[in-house]
Amino acid sequence: MRMTLAVAVLLALLPLGLPPYAMTLLTEALIMGLFAMSLDLMVGYARLISFGHAAAYGLGAYTCGNILLHTDIPLPLAVPMAGVFSGFIGIGIAWVCTQATGVSFSMLTLALAQLLYAVAFKWTSVTGASDGLAGIPRRPGPFGTTYFSTKIGFYYLTMACLFGSFLFARALVRSPFGAVLRGIRENEAKTLSLGYNTRLYKIAVVAASYILGGLAGALYAPFAGFANTELLFWLLSGQVLIMVIVGGTGTLVGPILGAAFFLLVQQQLSTYTDSWALFFGVIFIAFVLFAPEGILGLARRRRSVRSH
Amino acid sequence: MALLELQGLTKRYGGIVAVDNVTMSVEPGEVRAVIGPNGAGKTSLFHLITGVVKPTMGEIVFDGQRVTAMPAFSRCQLGMSRTFQITALFPEMSARENTRLAAQARDKQRWRPLGGGAVFAEASRRGDAALERLGLSHVAERQAGLLSHGDQRLLEVAMALAQQPRLLLMDEPTQGLSVEETAQAVEVLGGLFAGGGLTVLLVEHDMEVVFRLASKMTVLHRGSVIADGDPATVKADPVVQDAYLGGYT
């Protein structure tokens, strides 16, 4: 708890000393961190490996984009609305995908996300097809305030979403519900035989994951000012899974660090070479081979070595 | 009234009849063993009772309620707890967390997504009591996957007991144990059953174990019941000796 508070204070003070371009990068890192953390709920706590988590992000982004473009609903309200909508769709997606387990589950998540991608390409009136939605505004309000439309105000909104989501997710995994999820992760057949309707628990955690992932996408649309089909593409699903694994699964905090690390490496390497993804691939392989517990696990290991 | 009743239960796989018109019952307070040679249909019968597979014909009645079409997890909610032939645990959790999660399944608020301190406290209390009954308190904080094979088997029984079951179903409780471990397990289980209050249906092929633990026996042969009664009667039955015991006396 003290650690959480210290990080919150640090992040809250950062805008005072950072140049604008760094603020942009930091805001994006927080959005991506929220997205990766949402996937960790599924991957790290229930061993539900999704290859289609971009669906949550894209749903959030398109929903928020449409709300902001076509209504007067203020930005701080549009974002959670889009998250909740994404969660609703997540229930349907989970209902289909949990018909299967293991690799088949993963393939179904990929298939449904690609289905949404294809729909986004054709449904011009809602998604703008290949042009996407452009000029998404940051509507002022509530009560007429324009604070959240500013760079710093938007940063604080993002930070609030990330911390709120983190506290929610942490309470979730520590609750009786979370204990059942860990049971499913370690031995689903046993959990079922103890009298838990494991499929309902899985659908519930996917819905929670989609709400938070949708929240991240909903922040991205007004952050970038646009939403396009790339936000639903499998490439993003793969990237966020890599962020979770590199950061450390089943830790919530790890994936946030993983997302920041991914963006930093991408930003640094892409100034030198277009093939930055190739180098990140090597980093990813190194993590899987030598530090499967991720960045957070590495940090904890070092700390425990030093204290001995 | 019987706690569990099987009425004309039949399971066919294609042309093979695994369970053939089995009618039997388990009375409250008895420890009943289902025995039979390999391929007699013991495991198939167990799967039908626990709800892993659905019967081709016949009915399963638990405490006066028809449960034939009920999914496995709902039968468990009615008070049927089971152990597996191949030990099934949560290997990365401690022994305490294993029994706690088992006990939590009996709580109305088992799904609570936030808070839940009271749920955990009550489940821990029941779980710890079950560990103590099986003499596992000294390994409570150890990771379940690192316990000895014998202790793992007992931990699984503790998980079932933590659910305060009305009917305890055990699939070959000494399967895969060494001679010494089997003797120990029979010792502990015998003490547990002697304490009374439990209704048990166990499937087992080890005769020593069955005669030490069971108060009633049902003998299966090629999917059908060929004998039913107390151990001494069953042992003396010429049909049983011919079909199965093969001179074992």
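Laboratory data are not the source of any read-out in this text; all were calculated from the coordinates shown. Please read these numbers as outputs of a predicted model, since none were measured by experiment. Cβ: placed from backbone, ideal geometry, glycine included. Neighbour counts: every protein chain shown.
Rounded to the nearest whole Hz, the Karplus-based 3J(HN,Hα) values (6.51 cos²θ - 1.76 cosθ + 1.60, θ = phi - 60°) of the stretch A:105-114 follow the sequence 4, 4, 5, 5, 4, 5, 4, 5, 5, 5, with x at glycine and proline.
Diffusion coefficient of the stretch A:2-232 by Stokes-Einstein, Kirkwood radius over Cα pairs, 37 °C, 0.692 mPa s: 180 µm²/s. Mean partner shielding of peptide B:77-88, defined as the number of other chain Cβ atoms within 10 Å of each residue Cβ, is 2. Taken over the protein assembly as shown, the percentage of Cα pairs per 20 Å bin, counting from 0 up to the bin with the maximum distance, is 19, 42, 26, 11, 1.
Arranged from fewest to most other beta-carbon atoms within 10 Å of their beta carbon, B:R100, B:R32, B:R125 become B:R125, B:R32, B:R100.
Restricting the calculation to Cα atoms, chain B shows an Rg/Rh of 0.98 when the hydrodynamic-style radius is the Kirkwood one. Take each residue of peptide B:112-121, count the partner chain Cβ atoms within 10 Å of its Cβ, and average: the result is 5. Less than 5 angstrom separates the built amide H of B:L198 from none of the residues sequence-distant by 5 or more or on a different chain.
Scanning residues 5 or more positions from B:R82 or on other chains, those with amide H under 5 Å from its amide H are B:L169, with H placed 1.01 Å from N in the peptide plane. Go ahead and run the numbers for FRET between A:F290 and B:L78, Cβ-Cβ distance against an R0 of 56 Å, rounding to 0.05. With R0 = 56 Å, the Cβ-Cβ based efficiency is 0.70.
Mean partner shielding of peptide B:98-110, defined as the number of other chain Cβ atoms within 10 Å of each residue Cβ, is 4. Entry note, the protein assembly as shown: the mean residue ellipticity at 222 nm calculated from DSSP H runs of n ≥ 4, each adding -39500 (n - 2.57), is -18500 deg cm²/dmol after division by the residues and rounding to the nearest 500.
Report, in degrees rounded to the nearest 10, the 0 to 90 angle that the Cα long axis of helix B:149-162 makes with the longest principal axis of chain B. With both axes taken from Cα atoms, the answer is about 80 degrees. In order along the stretch A:77-87, phi translates into HN-Hα couplings of 9, 4, 4, x, 4, 5, x, 5, 4, 4, x Hz, rounded to whole numbers, per the Karplus curve 6.51 cos²θ - 1.76 cosθ + 1.60 with θ = phi - 60° and x for Gly and Pro. Rounded to the nearest 10 degrees, the angle from helix B:95-104 to the longest Cα principal axis of chain B is 80 degrees.
Residues whose amide H comes within less than 5 Å of that of B:V225, counting only those at least five positions distant or on another chain, are B:T23 (H built at 1.01 Å from N in the peptide plane). Of all DSSP bridge pairs formed entirely within the protein assembly as shown, close to 55 percent run antiparallel. Residue-wise HN-Hα couplings along the stretch B:114-119, as the Karplus relation 6.51 cos²θ - 1.76 cosθ + 1.60 with θ = phi - 60° gives them from phi, are 9, x, x, x, 5, 4 Hz; Gly and Pro carry x. Near B:T199, once Lys and Arg are set to +1 and Asp and Glu to -1 for all other residues with Cβ below 15 Å from its Cβ, the sum equals +1.
Computing Rg and the Kirkwood Rh from the Cα coordinates of the stretch B:137-182 gives a ratio, Rg/Rh, of 0.98.
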